[in-house]
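Right, one structure below, let's go through it.
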Amino acid sequence: MKLLVEIEGQTHPLNRVFWVRYAPSGCAVGSLMGEHAASPEQAHKEFTSRQRDRERELRQGYRHELVTKEQWQTTVRPCFTGNCEHAAAA
């Protein structure tokens, strides 16, 4: 059975999208294949195992969102290569 998700009004197989971890600055700081989590909470747990650390990160403004491969290429990849608007602001 293939799990499907909706991103910006379009349906995608969960194994074809990515969970992205965003720092409070908005910069992408982590990524994993969509099939590793079915919710933002599960994705957060994949990145941060301890509950109290997850709670602290949520207070700080970390977030976890699904993106398509195309979105990953245009918005996440620049963060990982240091070529994003966030790196220029820092």
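Each value in this text was obtained by applying a stated rule to the coordinates, not by laboratory testing. No experiment lies behind these values; they were computed from the predicted model shown. As a convention, Cβ positions derive from the backbone with ideal geometry for all residues, glycine included, and neighbour counts pool all protein chains shown.
For this structure, a couple of remarks:
- Each label was represented as a point 7 Å from its Cα along the Cα-to-Cβ direction; for Thr11 and Arg56 these points are 4.2 nm apart.
- Estimated FRET transfer efficiency (His36, Asn83; beta-carbon r; R0 22 Å; 0.05): 0.25
- A simple rule links phi to the HN-Hα coupling: the Karplus curve 6.51 cos²θ - 1.76 cosθ + 1.60 with θ = phi - 60°, which for segment 31-36 gives 7, 8, 4, x, 5, 7 Hz, with x for Gly and Pro.
- Sum of -39500 (n - 2.57) over DSSP H runs of 4+, divided by residues of the chain (222 nm, nearest 500): -7500 deg cm²/dmol
- Listed candidates [x] 43, 32, 20; [y] 52, 32, 19; [z] 43, 27, 22 - label of the one calculated as Cα extents along the principal axes in Å: [x]
- Estimated FRET transfer efficiency (Gln73, Val29; beta-carbon r; R0 25 Å; 0.05): 0.90
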